[in-house]
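Structure, as structure tokens:
The values are calculated or read from the model by the stated rules, or taken from the named source; none is laboratory data. Computed from a prediction, not measured in an experiment: that's the story for all the values here. Ideal geometry is used to build each Cβ from the backbone, glycine not excepted, and the neighbour counts take in all protein chains shown. In case anyone asks, the SASA skips ligands and DNA or RNA and just uses the protein heavy atoms, side chains included. Shrake-Rupley method; radii C 1.70, N 1.55, O 1.52, S 1.80 Å.
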Amino acid sequence: MKKQVLVIIGMHRSGTSASTGALRCLGVDLGDRLYQGHAGINDKGYFEHAGIADTNDEVLATLGSSWDDPLLHPDDWWKRDDLALYVRKVNKLIQQDFSRSPLWAVKDPRVCRLLPWWLEIFASLQITPHFLFVVRSPAAVHRSLEKRDGFPREKSFLLWTLHYLEAERYSRGYARTFIDFDRFLEEPVESLLRIERELNLTFPVSVNEAKSGLDAFLSRDLRHHTAEQELQDTQPVLKLAQDLHGELVSATKELPLNIPVLNELWTRMETIQQGFPEALVSHIRSSGVIRGGLQITFNRILRSWSWVIGKPVRWVERRLFGQDV
């Protein structure tokens, strides 16, 4: 059996959860151990494999980083010897959960920042990756991150740019397609048929056969922040994100990517990062270590038996007293 995986690419809050949930309606295997959603944020779920997402957090923490790290990683970071432990862990997860799947998908925005490492894992397992880029404007993503995490616009735009720039750069040469999230919600059947065609894939369940399930899943409440006309900004980080968004939007319209322009955008990102004060970079690195460690601890608590057993107690307390323990 030919082994292939569909890798969902997109910044946090960019519509990757809704897109991946739609793929699940088509029989694409996501595994059974998925993160649960949160009310008012991702009510229907994140559709992220808990073991894979947790391992990505561990890799980032080992690098002195975290999911919201706005810095580029050092050159050839994926060749570090101390990442071998996590390679074995991911190999085991893939073998346990996806070895018999005709088509499976990995959805976790952290993969955008860890793509070279993941590509080496796929190559070692003789798995062919196909890439689905879900594109949403940096302004819409920022409004969501501002509401959820309190991020300022510059940080949101910088993170958005890093996720898409790195994922685009390292996925060159592989089969990939680009969809606009807002258009996807308006025309899901057409978008999914295009994904299948452009990536030369066959979904286990046909798009037309899954139409009723797709209509039920892709309700309008999945889009919390609509696209708006963005004002062009001369601030370097904001302008860089807007220029990159323009290139990606062209790709969603089935136009070829302008690789020289994308290379120039990468150089602009490097220039911006080189202008960061050394004290700021040091602070971000040290904070990343702390945040990464806290995230790993939180992940382990969520997976612990005591947390699972305590769920009924917390539910009763919320119902009776309007609070959680």
Residue list for segment 247-263, filter: in a helix (DSSP H, G or I) and loosely packed, with under 12 Cβ neighbours inside 10 Å: PRO260, ASN263
Selected residue (only one of ARG169, ARG113 is more than 20 Å from SER17 (Cβ to Cβ), at pLDDT 95 or above and charged (D, E, K, R)): ARG169
List every residue pair whose Cβ atoms sit under 6 Å apart, with the two residues 6 or more apart in sequence or on different chains, where the first one lies in segment 155-179 and is buried (at least 20 other Cβ atoms within 10 Å of the Cβ) and the second, anywhere, is small (Gly, Ala, Ser). PHE157/ALA241; TRP160/ALA241; THR161/ALA241; PHE178/ALA251; ILE179/SER191
Mind counting the residues in segment 69-91 that are surrounded by fewer than 16 Cβ atoms within 10 Å (Cβ to Cβ), part of a loop (DSSP other than H, G, I, E, B) and either at pLDDT below 95 or basic (Lys, Arg) (or both)? 3
Helices (runs of 4 or more DSSP H) wholly inside segment 100-158 containing at least 1 residues that are of a type in the set (Gly, Ala, Ser): 115-124, 138-149
Based on this model, can you work out whether GLU317 counts as surrounded by 12 or more Cβ atoms within 10 Å (Cβ to Cβ), modelled with pLDDT under 65 and assigned to a loop (DSSP other than H, G, I, E, B)? no
Show the residue pairs meeting these rules: Cβ distance below 8 Å; 6+ apart or different chains; first residue within segment 10-36 and under 18 Å from ARG110 (Cα atoms) and free of Cβ contacts under 8 Å to residues at least 12 places away in the same chain; second residue aliphatic (A, V, I, L, M) and open to solvent by less than 40 Å² (accessible area, probe 1.4 Å). none
Evaluate the following for ALA39: is it surrounded by fewer than 19 Cβ atoms within 10 Å (Cβ to Cβ), part of a loop (DSSP other than H, G, I, E, B) and either modelled with pLDDT of 95 or more or small (Gly, Ala, Ser) (or both)? yes
Odd one out for LEU199, checked against (1) open to solvent by 30 Å² or more (accessible area, probe 1.4 Å); (2) closer than 24 Å to ILE127 by Cβ; (3) in contact with a Ser or Thr (Cβ under 9 Å, 6 or more places away or on another chain): (1)
